[in-house]
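Data block below; observations after.
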Amino acid sequence: MKKRIVAGMICVLMMVSVLLPTLSENLRYGTHSSQVNQAQSRLAQLGYYKDKVDGKFGYSTYVAVKAFQAKNGLKADGVIGEITNLLLFSEDAISNIGTKPGITLYQRIAYGSAGPAVKTVQGILRNLGYYTQDVEGKFGYSTYQAVTRYQADKGLKVDGVVGPATWASLTGGVPIPSPVPTPTPDLSKPVPGLRVQYNDVGPRVKQIQQKLNDLGYNVGQVDDRFGYLTYQAVQAFQKNNGLKVDGIVGPDTWAKLFGASPVPAPSGGPSASPGLPQPIRLQYNDTGAQVGQLQTRLFELGYYKGAIDSGFGYATYEAVRAFQKNNGLTVDGIVGPDTWTKLFRADAVPTGTVVPSGSPKPSPAPAPTPDHSSAGFRLKYEDKSPQVGQLQSRLAALGYMAASGVDNYFGFGTYEAVRAFQKVNGLKVDGVVGPATWKALFAASALPKPTASPKP
């Protein structure tokens, strides 16, 4: 039995590596690579992506990936991992242009599916010795592995998807049962235990945003992300409707919002948020919750691609300067009242928008160089701190590592990036960041990662 399983897994790996683009890492927001280019091309072919195919995983790519995942029965997280990549380049991928004849969402059971049909698959695979976990009706990774092993043994297409052919082989031709329709919820009644709040994402957030906009409480774009504008709108609604003003949509706020007589916003728009305090000044090396709010909003507008770590590092500084430049503000990398107010307004200009020629163009200020000149300063493999995040952000800006790798942890990818930087910049190549490496890294003369020379 063990030999069969091993042989099956080898077969799976060989088929995947031959037929599909192989992932070297998960593709997510901020990634820039040829694999992103391939994914964009495939998403465009399937009708999900309508933007430029440029190899840059931006917001439009993120939205396209989520839409593909949702329509294909996968977890809609906007990240291209092994499962999403496999299905994306599969012939069974459901297009956004038109459903493949004879194939519906419920005629294929895939990673992320749930319900009685999944239980049936798990039960059969368990009886056959391919599946050893609980039969709980959730198609997770262990179920996916069991399906691929079964498909390899039976000479079926190895894609981890229980489509008509795999289902017929498992059940002897019994049709896949249709799911019981989910009843439409009565929005006039409160939902026990409901709590939708800042940074949440999903269909409930989108539902709330749409209703608030209908009532005149401006949330900006209805995008299923509970950002600062949504937070402000919820607080304004709560204040005008005699509710507890906390910016959280609990049962009481939900019941009032979707009830018979919610009080709309006054003609002047939503009142100012009584909650989150306005910062007087946020600048390089600051930390705290407000820095996290700043990073989140800059991420929403496309300026910031690093970790939301509440630490005002070099990547945050550069994102602030880019926002200021694009919005006609003084470009100093400091978040004062003017920058903060503009940042959270509905008319804040996102990245990529061309600034009109009449807009002021302030002269750029030099980037601040963090002071780590002491002889004992040292960042090395397996360190974890905001300083590591600053290091990673700067390495990403110079092209030595991906922006998605900024996580405050000095892992192997950071180690290799440091060594590459040291080699290019004539430093001791040891993968350790001491005062000399740090100084060179943040110097204006720091050399970026060289681009590959064309082959003769």
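The values are calculated or read from the model by the stated rules, or taken from the named source; none is laboratory data. Note that this is a predicted model, so its numbers are computed, not measured. Cβ placement follows ideal geometry from the backbone for every residue including glycine, while neighbour counts extend to all protein chains displayed.
The table for this structure:
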read-out	value
In region 61-80, the residues that are in contact with a Gly (Cβ under 9 Å, 6 or more places away or on another chain) and basic (Lys, Arg)	Lys66, Lys75
Residue list for region 108-145, filter: in a helix (DSSP H, G or I), among the small types (Gly, Ala, Ser) and either under 14 Å from Ile83 (Cα atoms) or in contact (Cβ under 8 Å) with a residue 60 or more places away in the chain (or both)	Ala117, Ser142
Condition check for Val388: at pLDDT below 85 and either touching a Lys or Arg at 6+ places or on another chain (Cβ under 8 Å) or surrounded by 15 or more Cβ atoms within 10 Å (Cβ to Cβ) (or both)	yes
Subset tally (residues that are assigned to a loop (DSSP other than H, G, I, E, B) and of a type outside the set (A, V, I, L, M)) for region 32-60	11
Scope region 398-423; condition of a type in the set (Gly, Ala, Ser) and either crowded, with 19+ Cβ neighbours inside 10 Å or without any contact (Cβ under 8 Å) to a residue 24 or more places away in the chain (or both); matching residues	Ala402, Ala403, Ser404, Gly405, Gly413, Ala417, Ala420
Selection count where residues are in a loop (DSSP other than H, G, I, E, B), over 22 Å from Gly58 (Cβ atoms) and in contact with a Pro (Cβ under 7 Å, 6 or more places away or on another chain), scope region 298-354	3
Residue within region 79-87 that is assigned to a loop (DSSP other than H, G, I, E, B) and at pLDDT below 85 present	yes
Among residues of region 143-168, those that are small (Gly, Ala, Ser) and surrounded by fewer than 16 Cβ atoms within 10 Å (Cβ to Cβ), counted	3
Residue count, region 38-52 (criterion: surrounded by fewer than 16 Cβ atoms within 10 Å (Cβ to Cβ) and not hydroxyl-bearing (Ser, Thr, Tyr))	6
Residue within region 335-351 that is at pLDDT below 70 and among the β-branched types (Val, Ile, Thr) present	no
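Yes or no, residue by residue, for (1) farther than 19 Å from Arg42 by Cα; (2) at pLDDT 75 or above:
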| residue | (1), (2) |
| --- | --- |
| Ala76 | no, yes |
| Thr99 | no, no |
| Tyr111 | yes, yes |
| Thr120 | yes, yes |
| Thr132 | yes, yes |
